[in-house]
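Peer 1: Dropping the structure in here first, questions after.
The values are calculated or read from the model by the stated rules, or taken from the named source; none is laboratory data. From a predicted model like this one, the values you see are computed outputs, not experimental measurements. A quick note on method: Cβ atoms are made from the backbone with ideal geometry, for glycine too, and the neighbour counts reach across all protein chains shown.
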Ligand code: AMP
């Protein structure tokens, strides 16, 4: 952890540098790298919670320096209202990152990340045609744009991503392969509230009753996983969707049981393969995603 306080174009926080520009960030990181230090990186969209911090702690453990970006990436929002409503909590985020021992917080503007419009089109084949890719057109192209840009700036040895966004993790792995990047992608397990609700920045928009009610999401996933031992995939899917929709407060957008590598929808469970149950549900006007390995 650093004890210097930066000045130019930075927001001062003790023991952690906070940079808003690419040039300052690159300069600092190049300096660390020229001294042979290993860089860990955790990209986030802010509104940080214990789930994000678990990724940060893993990075602090594995690397000499840890960089965290906080950037709400407009290119990955296919819905303007969702982008507008996304929580932004800079003061609390920077305090959390400083307290846990992060070395550099990168907090860029949209112009800094995209000085000219990013027109790159990625092709992730079938991986981007299902689940989040199907329901949020353009979402993963925007994710790949921002993550590849952030990787160019931060040049990390290791980068940390949560299994909460399971399909995103698959897309990032595919992108790293396609672009032949040297960064190692480290998957991290999902952190949950005591009642099982997966931690998410979007939970900020739920009231106390919603948060309690939302435990049905994880309960449904766990039950579906158990039922797969004795029932067929289609029956389990149908029952799980019914359970969510009959709760009185949840509306399922999709629930898929998929092979965990290709993310292809499974017709049946075959020995020797790994599976994942993924869903997206609406709780009022808040969209939540979650998954369990099956
Ligand atoms: P976000 O700020 O939502 O873009 O998330 C930044 C990173 O934190 C992503 O890699 C997410 O998968 C990860 N993340 C978000 N929520 C959780 C959670 N509950 N447990 C573990 N990782 C998470």
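Peer 1: Within region 158-173, is there a residue that is in contact (Cβ under 8 Å) with a residue 24 or more places away in the chain, surrounded by fewer than 20 Cβ atoms within 10 Å (Cβ to Cβ) and at positive phi?
Peer 2: No: region 158-173 contains no residue that is in contact (Cβ under 8 Å) with a residue 24 or more places away in the chain, surrounded by fewer than 20 Cβ atoms within 10 Å (Cβ to Cβ) and at positive phi.
Peer 1: Are any of the residues in region 48-64 within 11 Å of the ligand (Cβ to nearest atom) and in a strand (DSSP E or B)?
Peer 2: no
Peer 1: For residue 37, which of the numbered conditions (1) touching a strand residue (DSSP E or B) at 6+ places or on another chain (Cβ under 6 Å); (2) part of a loop (DSSP other than H, G, I, E, B); (3) under 30 Å from residue 285 (Cβ atoms) fails to hold?
Peer 2: With respect to (1) touching a strand residue (DSSP E or B) at 6+ places or on another chain (Cβ under 6 Å); (2) part of a loop (DSSP other than H, G, I, E, B); (3) under 30 Å from residue 285 (Cβ atoms), residue 37 is out only on (3).
Peer 1: Within region 141-153, identify whether any single residue is near the ligand (Cβ under 10 Å from one of its atoms) and either surrounded by fewer than 18 Cβ atoms within 10 Å (Cβ to Cβ) or more than 17 Å from residue 55 (Cα to Cα) (or both), and answer yes or no.
Peer 2: yes
Peer 1: Sticking with this one: Give all pairs with beta carbons closer than 6 Å in which a residue from region 42-61 that is within 12 Å of residue 97 (Cβ to Cβ) and at pLDDT 95 or above meets a residue that is outside any strand (DSSP E or B) and more than 7 Å from the ligand (Cβ to nearest atom); count only pairs at least 6 apart in sequence or on separate chains.
Peer 2: Within 6 Å, the pairs are 42/56; 42/59; 46/93; 48/93; 48/96; 53/100; 56/100; 60/101.
Peer 1: Further question on the same structure: Which ones in region 260-294 are part of a loop (DSSP other than H, G, I, E, B) and out of contact with any helix residue (DSSP H, G or I) (no Cβ under 9 Å at 6 or more places or on another chain)?
Peer 2: Within region 260-294, 270, 271, 272, 273, 274 meet the criteria.
Peer 1: Would you mind finding the one in 207, 213, 231, 274 that is farther than 25 Å from residue 59 by Cα, touching a strand residue (DSSP E or B) at 6+ places or on another chain (Cβ under 9 Å) and surrounded by fewer than 18 Cβ atoms within 10 Å (Cβ to Cβ)?
Peer 2: 274
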